[in-house]
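Beneath this line is the structure, given in structure tokens, with notes to follow.
The values are calculated or read from the model by the stated rules, or taken from the named source; none is laboratory data. Note that the structure is a prediction, hence the values are computed from the model and not measured. In this analysis, Cβ positions are derived from the backbone assuming ideal geometry, glycine residues included, and neighbour counts consider all displayed protein chains. Areas reflect the complete protein model, heavy atoms only, side chains present, ligands, DNA and RNA absent. Shrake-Rupley method; radii C 1.70, N 1.55, O 1.52, S 1.80 Å.
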Amino acid sequence: QVQLVESGGGWAQPGGSLTLSCAASGSMFSRFSMGWYRQAPGKQRDLVATVYSSGFTNYHDSVKGRFTISRDNAKNTVYLQMNKLKPEDTALYYCNFRGGGIDYWGQGTQVNVSF
């Protein structure tokens, strides 16, 4: 059974940094795309960043230049380095592994940005 376990969420001041990690167990995901989504209260879940098996990445415009997504296929892990955090980055962050028509989701990790 596939499980995605996220870690690294928490609280940061505006301008601060946090790093999220998401590790998968149960299979190998080197050919899957890996991504991070976020959902603020009362809002839809939005794509934050994706890293494809090729290494190509794409980002939501609001995080370009501040967030960096990366992956370690040997560890079945995807990371999201978040710098220059803003209060509007506050949300529940979910990792996603996608491939072969299947989506796997983590349970979510909360990120709060405030003074």
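What is the number of the single condition among (1) touching a residue at least 24 places away in the same chain (Cβ under 8 Å); (2) part of a strand (DSSP E or B) that Ser70 does not meet?
(1)
Is it the case, given these coordinates, that Ser62 is of a type outside the set (Val, Ile, Thr), open to solvent by 40 Å² or more (accessible area, probe 1.4 Å) and assigned to a loop (DSSP other than H, G, I, E, B)?
no
For segment 9-26, how many residues meet the condition of being out of contact with any Leu (no Cβ under 7 Å at 6 or more places or on another chain), touching a residue at least 40 places away in the same chain (Cβ under 8 Å) and more than 14 Å from Val111 (Cα to Cα)?
2
Just checking, how many residues over segment 1-36 are open to solvent by 60 Å² or more (accessible area, probe 1.4 Å) and either touching a His at 6+ places or on another chain (Cβ under 6 Å) or among the hydrophobic types (A, V, I, L, M, F, W, C) (or both)?
So the answer is 3.
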